[in-house]
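Q: Input: one structure, supplied below.
The values are calculated or read from the model by the stated rules, or taken from the named source; none is laboratory data. Since the structure is predicted, the reported quantities are computational estimates derived from the model, not experimental observations. What goes into the accessible areas is simple: the full protein's heavy atoms, side chains included, and nothing from ligands, DNA or RNA. Shrake-Rupley method; radii C 1.70, N 1.55, O 1.52, S 1.80 Å.
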Amino acid sequence: MIRIAVGIGWDRAVAWGYAVCVLSAVWDSGGDTGWPGPGPAPAAARRLAPLVAE
């Protein structure tokens, strides 16, 4: 298993990143974020999704 610098596995880090992106997208959907459009979180979540599914 690959370990990243903080001492957790790669798969766990990717899953955490995906969860944070989804949570951020949910928060952004409820108010004024200053982003023109949906912001970067949904795009990042889409890029991480295939890595979580592995």
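Q: Residues of the stretch 7-24 being open to solvent by less than 50 Å² (accessible area, probe 1.4 Å) and either among the acidic types (Asp, Glu) or modelled with pLDDT of 85 or more (or both), which ones?
A: Ala13, Val14, Ala15, Gly17, Cys21, Ser24
Q: Hey, another quick one. Condition first: at pLDDT below 80 and open to solvent by 40 Å² or more (accessible area, probe 1.4 Å). Now tell me which residues in the stretch 29-54 satisfy that.
A: Ser29, Gly30, Gly31, Asp32, Thr33, Gly34, Trp35, Pro36, Gly37, Pro38, Ala53, Glu54
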